[in-house]
Amino acid sequence: MASMVNENECGGETQSLEPQGPGRGAARWGPQHAGARELANLYSPGKRCQEWISVILCFSLMAFNLIYLLANFHQGHTWSILLGIVAGILTADFASGFVHWGADTWGSVDLPIFGKAFIRPFREHHIDPTAITRHDFIETNGDNCMLTIVPLANMAYNFLTLSPAEIYHIYPLYCYLYALAIFVTLTNQIHKWSHTYFGLPRWVVFLQDCHIILPRKHHRIHHVSPHETYFCITTGWLNYPLEKLGFWRYLEDLIQGVTGEKPRSDDLKWAQKVK
Ligand SMILES: [Zn+2]
Ligand SMILES: [Zn+2]
């Protein structure tokens with residue numbers, strides 16, 4: 001029998017036969033959900049190829065830049081480096097929330113190219129939240145790696161062409177950009193860990209428990225239908241303040257007022273699919 005996997009308070013899993021929200025009575029959440037099966041089948045070889053290229057390029061550039069950052073380190077920069085890293089992580093968390101909110105709330109899988117490639121995984125994730133735990137490293141991280149290739153390539157180019165004095169001057173900014181790039185790149189890996197309840201390395205659980213990366217219990221708040229809050233999935237540090245501000249609701253009202261589009265209408269359509 002198909003069933004939804006619910007993540008309980010203790011970090012274990014319980015089986016629930018009832019989906020929450022609009023899909024109730026129509027289908028059960030999980031890999032057997034008709035919408036989830038259809039979405040999983042849209043993952044194409046071309047998309048896979050794009051992900052492989054992105055991962056290889058991104059990690060090569062990351063290693064290259066790390067070597068140059070270490071080689072150009074000066075003790076006088078210690079505080080600005082720390083500040084740059086915290087600011088980079090906060091920016092990445094906000095960016096994760098913004099992109100996640102945008103893809104969850106607007107657009108459709110039917111959009112040419114973009115829909116199948118980039119909106120599809122968000123729709124799949126709501127109706128089959130455990131699918132991400134079955135994705136391998138390439139499928140999990142390919143899209144985020146693609147996002148950081150250009151900034152990392154630009155940083156590498158500058159390390160090769162700028163003078164030592166210019167590098168010294170720009171160093172704190174590059175620490176900020178590097179931390180931002182690392183956390184943007186790792187966002188979906190961190191997100192995958194927040195859905196994984198068995199076999200996580202102890203250091204990952206430690207980082208989750210210290211709330212340095214997205215904790216499992218924290219991310220569960222987003223997975224309550226209709227998925228309208230707690231969009232930040234890197235560290236989740238900004239979720240509470242943004243919720244208190246009503247930030248996402250304000251943006252949605254604004255966009256609906258201008259375009260007439262209803263938030264999450266495509267997400268709802270997939271959730272209600274029965275065949
Ligand atoms: Zn979502
Ligand atoms: Zn999730």
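Residues of region 235-275 being touching a residue at least 40 places away in the same chain (Cβ under 8 Å), within 25 Å of residue 187 (Cβ to Cβ) and part of a loop (DSSP other than H, G, I, E, B), which ones? Correct list: 235, 236, 237, 238, 263, 264. Of the candidates 38, 13, the single residue that is at pLDDT below 90, crowded, with 16+ Cβ neighbours inside 10 Å and of a type in the set (Asp, Glu) is 38.
Residues in region 106-119 that are within 13 Å of ligand 1 (Cβ to nearest atom) and surrounded by 21 or more Cβ atoms within 10 Å (Cβ to Cβ): 119 alone. In region 139-168, of all residues being among the β-branched types (Val, Ile, Thr) and closer than 20 Å to residue 180 by Cα, the one that is modelled with the lowest pLDDT corresponds to 140. Restricting attention to region 111-134, the residues that are more than 14 Å from the chain's Cα centre (by Cα), within 12 Å of ligand 2 (Cβ to nearest atom) and part of a loop (DSSP other than H, G, I, E, B) total 2.
Scanning region 72-98 for residues that are of a type in the set (Phe, Trp, Tyr) and surrounded by 14 or more Cβ atoms within 10 Å (Cβ to Cβ) yields 94, 98.
If you go through region 156-200 and pick out every residue that is within 28 Å of residue 216 (Cβ to Cβ) and more than 20 Å from the chain's Cα centre (by Cα), you end up with 2.
Kindly evaluate residue 227 against the criterion of being within 15 Å of ligand 2 (Cβ to nearest atom), of a type outside the set (Val, Ile, Thr) and part of a helix (DSSP H, G or I). Walk me through it before giving the result.
Working: within 15 Å of ligand 2 (Cβ to nearest atom): yes; of a type outside the set (Val, Ile, Thr): yes; part of a helix (DSSP H, G or I): no.
It is false that residue 227 is within 15 Å of ligand 2 (Cβ to nearest atom), of a type outside the set (Val, Ile, Thr) and part of a helix (DSSP H, G or I).
Taken over region 120-138, the residue count meeting the criterion of being among the charged types (D, E, K, R) and buried (at least 19 other Cβ atoms within 10 Å of the Cβ) is 4. For residue 189, the criteria (1) assigned to a helix (DSSP H, G or I); (2) surrounded by 22 or more Cβ atoms within 10 Å (Cβ to Cβ); (3) within 13 Å of ligand 2 (Cβ to nearest atom) hold in every case but one, which is (2). Whenever a residue of region 158-173 is more than 19 Å from residue 62 (Cα to Cα), it has no partner that is part of a loop (DSSP other than H, G, I, E, B) and at pLDDT 95 or above lying with C-beta atoms less than 7 angstrom away and at least six residues away or across chains. For residue 218, the stated conditions hold: it is out of contact with any helix residue (DSSP H, G or I) (no Cβ under 6 Å at 6 or more places or on another chain) and either outside any loop (DSSP other than H, G, I, E, B) or closer than 24 Å to residue 106 by Cα (or both). Count of region 217-250 residues, restricted to those that are more than 22 Å from residue 179 (Cβ to Cβ) and within 15 Å of ligand 1 (Cβ to nearest atom), is 13. Filtered by the rule that a residue be farther than 24 Å from residue 153 by Cβ and touching a residue at least 60 places away in the same chain (Cβ under 8 Å), region 68-79 gives a lone residue, 74.
The values are calculated or read from the model by the stated rules, or taken from the named source; none is laboratory data. Keep in mind that this is a model prediction, so the values were computed, not measured. We place every Cβ from the backbone using ideal geometry, glycine too, and count neighbours over all the protein chains shown.
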